[in-house]
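K.L.:
Below is a structure I'd like to ask you about.
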Amino acid sequence: MKDLSDCIVLVVDDTETNIDILMDILAEDYDVTVAMDGEGALEAVEEDTPDLILLDIMMPDMDGFEVCKQLKDNPDTAGIPVIFLSALAEEEDKQKGFDLGAVDFLTKPFDPAEIQTKVKQHLLKRMDGES
């Protein structure tokens, strides 16, 4: 079983400030990779499969819902946990995220301690399932 610090977390957000904040929160504990849009996220997953994805919803061209749908429709990527991070906070948005297969839904502005806790929880669950 690999160590948590070896886990790859893919952060997908079209706002550089959000990426910088998430890097500050997570980079000390995990191998963090970044994509700035949906297409880039799908390419990044193909290149180096992450252990968990933090995914923004509102992005140009391909939104996070579509990215999640494509990941979950592909047997090679369907098992990757997706946590949505979004300014969308309506119940129907959250439900849509869960219906698409997300394991969690956190709203912006995000709480660093909550992000750290949720990422760790979901990585531990994933690692337990692989052992």
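The values are calculated or read from the model by the stated rules, or taken from the named source; none is laboratory data. Here the structure is a predicted model, which is why all the values come from computation and not from measurement. With ideal geometry, Cβ positions are generated from the backbone for all residues, glycine too; neighbour counts draw on all protein chains shown.
K.L.:
Only one of these conditions is not met by VAL67: (1) surrounded by fewer than 16 Cβ atoms within 10 Å (Cβ to Cβ); (2) over 17 Å from CYS7 (Cα atoms). Which number is it?
P.N.:
Single failed check for VAL67: (1).
K.L.:
Checking VAL67 against (1) within 20 Å of THR117 (Cβ to Cβ); (2) under 11 Å from the mean Cα position of the chain (by Cα), which test does it fail?
P.N.:
Here VAL67 clears every test but (1).
K.L.:
Test of understanding: among ASP14, ASP20, ASP29, which residue is out of contact with any strand residue (DSSP E or B) (no Cβ under 7 Å at 6 or more places or on another chain) and not in a helix (DSSP H, G or I)?
P.N.:
ASP29
K.L.:
If you don't mind, another one. Scan the range 85-102 and tell me whether some residue there is in contact with a Leu (Cβ under 6 Å, 6 or more places away or on another chain) and either assigned to a loop (DSSP other than H, G, I, E, B) or buried (at least 17 other Cβ atoms within 10 Å of the Cβ) (or both).
P.N.:
yes
K.L.:
Is at least one residue of the range 33-49 hydrophobic (A, V, I, L, M, F, W, C), surrounded by 18 or more Cβ atoms within 10 Å (Cβ to Cβ), in contact (Cβ under 8 Å) with a residue 40 or more places away in the chain and within 27 Å of SER5 (Cα to Cα)?
P.N.:
The answer is no; no qualifying residue exists.
K.L.:
Would you say VAL9 is in contact with a strand residue (DSSP E or B) (Cβ under 9 Å, 6 or more places away or on another chain), part of a helix (DSSP H, G or I) and modelled with pLDDT of 95 or more?
P.N.:
Here the answer is no, as VAL9 does not meet what is asked.
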